[in-house]
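Asks: Quick one: structure below, then a few questions.
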Amino acid sequence: MCLIVFAWRPAHPQPLILAANRDEFYARPTLPLAQWEHAPGVYAGRDLEAGGTWLGVSAEGRFAALTNIRDPGRPLGRRSRGELVAHFLSGSMSIEDYLREVAGRAAEYGGFNLLVGDRQELHFLNAAQPVPRRLEAGVYGVSNAGLDTPWPKLVRARAALAGHLDTPEPEALFSFLADPEPASEAELPNTGVGHATEKLLSSVFIASPNYGTRASTVLIVSADGGRRMVERSFGPYGGRLGEVDLEI
């Protein structure tokens, strides 16, 4: 997952509203959002290369999502980051215990941002500064740096989400997730990947022959525990592949 914007409002009738894009190489084998056969309480997409996932929920009310930290100078971790989401969703550890355990071995993974929560709490962990943080009510965004690092696409998507909180219909959230506009030259971050790649990666929705937005996901959680999760899948050049709409 490479861009997540979300509103966390614990006392609201819709405590969590989230919109996210997963960017990945199109050749990496992936299954769309579904209930997992080997873990029937988990609802998520599936990375078939490493077995984990980037975003999902559980029947017990758990939620988890992940983005990578873009740092070309950092060595690849020996473990897949996607297992961090999968293990929380399928496990039973408390949020605090789980994040404490993950923080103690964050160096085993490439850089990551991890969101985990349930119906009452939402917590955040950044591998570069692995101190778990309980989030207060607010509208947030995370891409491939830290929480709310003001990259242009994060700022645009977070503002767009904030404008739809009164009537958070999936179609409205998908509309800004599909924004293909790159950042201006003056706004481009410098993360060490070269100008052409910075430009490609600076849009909310990324499309190219080999790498781009593979999935856009909207999650709307109700105070009564009901959740609607909608995922749209894409191929090279942003070609639409399919949609899954689940009431969980």
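The values are calculated or read from the model by the stated rules, or taken from the named source; none is laboratory data. This one's a predicted model, so the numbers in the text were calculated from it and none came from an experiment. FYI the Cβ positions are ideal-geometry reconstructions off the backbone, even for glycines, and counts take in every protein chain you see. When the accessible area is computed, the model is the full protein with side chains, heavy atoms only, and any ligands, DNA or RNA have been set aside. Shrake-Rupley method; radii C 1.70, N 1.55, O 1.52, S 1.80 Å.
Asks: What does the C-alpha gyration tensor say about the overall shape of segment 102-188? Classify as rounded when a/c is under 1.5, otherwise prolate if a/b is larger than b/c, or oblate.
Replies: Taking the square roots of the gyration eigenvalues as a ≥ b ≥ c, segment 102-188 is oblate.
Asks: Expressed in nm to one decimal, what extension gain is obtained for the pair Met93 and His12 from 0.36 nm per residue of sequence separation less their Cα-Cα distance?
Replies: 26.6 nm is the gain from fully extending Met93 to His12.
Asks: With θ set to phi - 60° and the Karplus curve 6.51 cos²θ - 1.76 cosθ + 1.60, what are the ³J(HN,Hα) couplings of segment 171-187 in order, to the nearest whole Hz, using x for Gly and Pro?
Replies: 4, 5, 6, 5, 5, 7, 5, 8, 5, x, 6, x, 5, 5, 4, 5, 8
Asks: Just to compare against my own numbers: the Cα pair-distance distribution for the chain, 10 Å bins, whole % per bin, please.
Replies: In order of increasing distance, the bins hold 7, 34, 40, 17, 1 percent.
Asks: What Kirkwood hydrodynamic radius do you get for segment 144-206 when you take the inverse of the mean 1/r over all pairs of distinct Cα atoms, in Å?
Replies: For segment 144-206, inverting the mean 1/r across all distinct Cα pairs yields 12.5 Å.
Asks: Right, here's the next one. Based solely on its DSSP helices, what 222 nm [θ] is calculated for the chain when runs of n ≥ 4 H residues each add -39,500 (n - 2.57) and the sum is averaged over all residues, nearest 500 deg cm²/dmol?
Replies: -5000 deg cm²/dmol
Asks: Taking the Cα atoms of segment 101-248, what is the range of coordinates along each of the three principal axes, in descending order and whole Å?
Replies: Sorted from largest, the Cα extents of segment 101-248 read 44, 38, 27 Å.
Asks: Over segment 189-245, what lengths in whole Å, largest first, do the semi-axes of the equivalent ellipsoid take, defined as the square roots of 5 times the eigenvalues of the alpha-carbon gyration tensor?
Replies: 29, 16, 6
Asks: Separate question: Work out how much length Arg105 to Ala39 would gain on full extension: take 0.36 nm times their residue separation and subtract the Cα-Cα distance, in nm to one decimal.
Replies: Contour length minus Cα-Cα distance gives 21.3 nm.
Asks: With the other protein chains left in place, how much accessible area per residue, in square angstrom, belongs to segment 109-153 at a 1.4 angstrom probe?
Replies: About 38 Å² of surface per residue is accessible.
Asks: Right, another one. What is the gain in length, in nm to one decimal, between Ala162 and Asn190 on full extension, counting 0.36 nm per residue of separation less the C-alpha to C-alpha distance?
Replies: 7.4 nm
Asks: Give me the Debye-computed log₁₀ of I(q)/I(0) at q = 0.14, 0.15, 0.22, 0.23 Å⁻¹ for segment 25-156, equal point scatterers on Cα only, no solvent, two decimals.
Replies: -0.63, -0.72, -1.48, -1.55
Asks: Right, next: Placing unit charges on C-beta atoms (Lys and Arg positive, Asp and Glu negative, everything else neutral), compute the dipole magnitude of segment 1-141 about its Cα centre in debye, rounded to 20.
Replies: 240 debye
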